[in-house]
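Asks: Encoded as structure tokens, here's the structure I'll be asking about.
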Amino acid sequence: MGKTKLFISHSSQDVEVVTAFVNFMLTIGLKSEDMICTSVPLTKIPNGEDIFDYLNKALNDEIFVLYFLSDNYYSSPVCLNEMGAAWVRKTDSLNFLLPDFDFSDMRGVVNKNKVGIKLGTCDAMSKISLNEFKDTLTSLFGITINQNVWELARDSFLNATVDNSRVFNMLFSRSYCINDQENDGCKIIKKESSADSVTVSVDFSQTDSKLASVVFFNGKKNFTSHFINKRNLCFEAFAEPGITCVDIELRLTNVDIRHEICLNDDEKKFKISLIQFCDQLSFWEDVPEIKFVIHRKNVTAPAKMTVKNLRIE
């Protein structure tokens, strides 16, 4: 049996967070050979190795699995295979929940009742949780971690996840002709693999519907901290001449609230204060959807619309 290693099971779409984590571990004294993280150069699978053979061998060694759980993770067959293989071998593990992914979103063979670490904040609870993980690291690797180095590295990592929590994964989107499930007058024709751009084609001649929409699913997230901190909904958008204005619609605690914007074929940056949608704090506790709603009256000809970099700033 080989030396103990951290096996960082993650989606490549979440590379920014896991890279920050690997840097965190290196700063506090772990070596690159103490970790397996396929998306980070220093801890990737060596050249010439078969990726599946290498991972299978790693899971047979003495490893501690860190699951970096997110919507991206559960959309990846490779990640789910890793999860299943680790579960079969009954390996020790710890769950890290990425920003905008909650304990209620967990599924599969990971233990929902096992305490994990929720990322996306740099508060007392997240610091205490990572401090407990520090004890695990010292036991696994027999290292002594300087307290000042630990605290600086810990807070730097947590703050990196706070920034990440404000970016929406645009791959989780669908198009609809409202009240018309049979005719395809609104169709997403392109989603960038980087999850930061969606293009939709709108043709009301294909449907009797008066409304079409592109819905970005947010998973019932709590926006109260964004509202309190006076954040803005930001994105870039442009449209072909056939589309003039669209409504940005947020679903807030089962109430849809709209804000109209006008588009042209030049890419334009939008920054809309959350308070412009609603000034009641309690409404921001549950935000499952962000929608771009297109009215028939605002479409003069079949046209395409693109939305990019949907985020909170």
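Asks: Taking each pair of different alpha-carbon atoms in the stretch 164-293 once, compute 1/r for the pair, average those values, and report the inverse of that mean as the Kirkwood hydrodynamic radius in Å to one decimal.
Replies: When all Cα pairs of the stretch 164-293 are included, the Kirkwood radius is 15.5 Å.
Asks: Over the chain, calculate the relative contact order: mean separation of alpha carbon pairs under 8 Å at least 6 apart, over the residue count, as a percent. Don't skip to the answer; put the middle values down first.
Replies: Details: 600 pairs, mean separation 48.2, N = 313.
Worked out over the chain, it gives 15 percent.
Asks: Charges at C-beta only: +1 for Lys and Arg, -1 for Asp and Glu. How large is the resulting dipole of the stretch 237-297 about its Cα centre, in Debye rounded to 20? Spell out each step's value before the answer.
Replies: Details: 8 positive and 12 negative charges, 25 e Å.
So the magnitude is around 120 debye.
Asks: Can you list which of the trypsin sites (Lys or Arg not before Pro) found in the stretch 218-308 are DSSP loop residues with at most 15 other C-beta atoms within 10 Å?
Replies: Values: sites: Lys220, Lys221, Lys230, Arg231, Arg251, Arg258, Lys268, Lys269, Lys271, Lys291, Arg296, Lys297, Lys304, Lys308; in loops: Lys230, Arg231.
Within the stretch 218-308, the qualifying trypsin sites (Lys or Arg not before Pro) (loop, at most 15 other Cβ atoms within 10 Å) are Lys230.
Asks: Per q in 0.14, 0.19, 0.31 Å⁻¹, report the Debye log10 I(q)/I(0) for the stretch 117-163, using one uniform scatterer on each alpha carbon and no solvent.
Replies: Ignoring solvent entirely, the Cα scatterers give -0.33, -0.58, -1.16.
Asks: Per residue, what accessible area does the chain have, given a 1.4 Å probe and all protein chains present, in Å²? Write out the running numbers ahead of the final one.
Replies: Values: 15620 Å² over 313 residues.
That works out to 50 Å² for each residue.
Asks: Could you tell me which of the pairs Lys269/Lys291; Lys3/Lys134; Lys31/Lys308; Lys220/Lys297; Lys134/Lys230; Lys118/Lys304 are separated by over 28 angstrom between their Cα atoms in the structure shown? It would help to have the intermediate numbers written out before the result.
Replies: Values: Lys269/Lys291 17 Å; Lys3/Lys134 19 Å; Lys31/Lys308 38 Å; Lys220/Lys297 31 Å; Lys134/Lys230 34 Å; Lys118/Lys304 38 Å.
Correct reply: Lys31/Lys308; Lys220/Lys297; Lys134/Lys230; Lys118/Lys304.
Asks: Now for a separate question. Ignoring ligands, DNA and RNA, what percent of the 1.4 Å accessible area of the chain is carbon and sulfur? Present the calculation step by step, with values, prior to reporting the outcome.
Replies: Details: 7560 of 15620 Å².
For the chain, the apolar C and S fraction of the accessible surface comes to 48 percent.
Asks: Over all pairs of distinct alpha carbons, what does the Kirkwood formula give as the hydrodynamic radius of the chain, in Å? It would help to have the intermediate numbers written out before the result.
Replies: On the way: mean 1/r = 0.0465 Å⁻¹.
One decimal place: 21.5 Å for the Kirkwood radius.
Asks: Now for a different question. Sorted by packing (mean other beta-carbon atoms within 10 Å per residue), highest first, where do 121-129, 29-37 land?
Replies: On the way: 121-129: 13.8, 29-37: 17.6.
So the order, starting with the most tightly packed, is 29-37, 121-129.
Asks: Give the long-range amide H neighbours of Val65: residues separated by 5 or more places, or on another chain, with amide H under 5 Å away, using H modelled in the peptide plane at 1.01 Å from N.
Replies: Amide H neighbours of Val65: Phe7, Asp92, Ser93, Leu94.
Asks: So, one more: Can you compute the charge dipole magnitude of the stretch 185-299 about its Cα centre, using +1 on each Lys and Arg Cβ and -1 on each Asp and Glu Cβ, nothing else charged? Give it in debye, rounded to the nearest 20.
Replies: On the way: 16 positive and 17 negative charges, 38 e Å.
Approximately 180 debye in magnitude.
Asks: Sum up the charges of everything whose Cβ sits under 11 Å from the Cβ of Lys268, counting Lys and Arg as +1 and Asp and Glu as -1, but leave Lys268 out. Walk me through the numbers on the way to the answer.
Replies: Working: positive: Lys269, Lys271, Lys308; negative: Glu236, Asp265, Asp266, Glu267.
Here the charged neighbours net out to -1.
Asks: Taking the Cα of Arg296, stepping 7 Å toward and past its beta carbon, and measuring to each backbone N in the stretch 198-239: which are under 16 Å?
Replies: 202-213
The values are calculated or read from the model by the stated rules, or taken from the named source; none is laboratory data. Because the structure is a prediction, the values reported are computed rather than measured. For neighbour counting, all protein chains shown are included, and Cβ atoms are generated from backbone atoms with ideal geometry for every residue, glycine included. All accessible areas refer to the heavy atoms of the entire protein, side chains included, with ligands and DNA or RNA removed. Shrake-Rupley method; radii C 1.70, N 1.55, O 1.52, S 1.80 Å.
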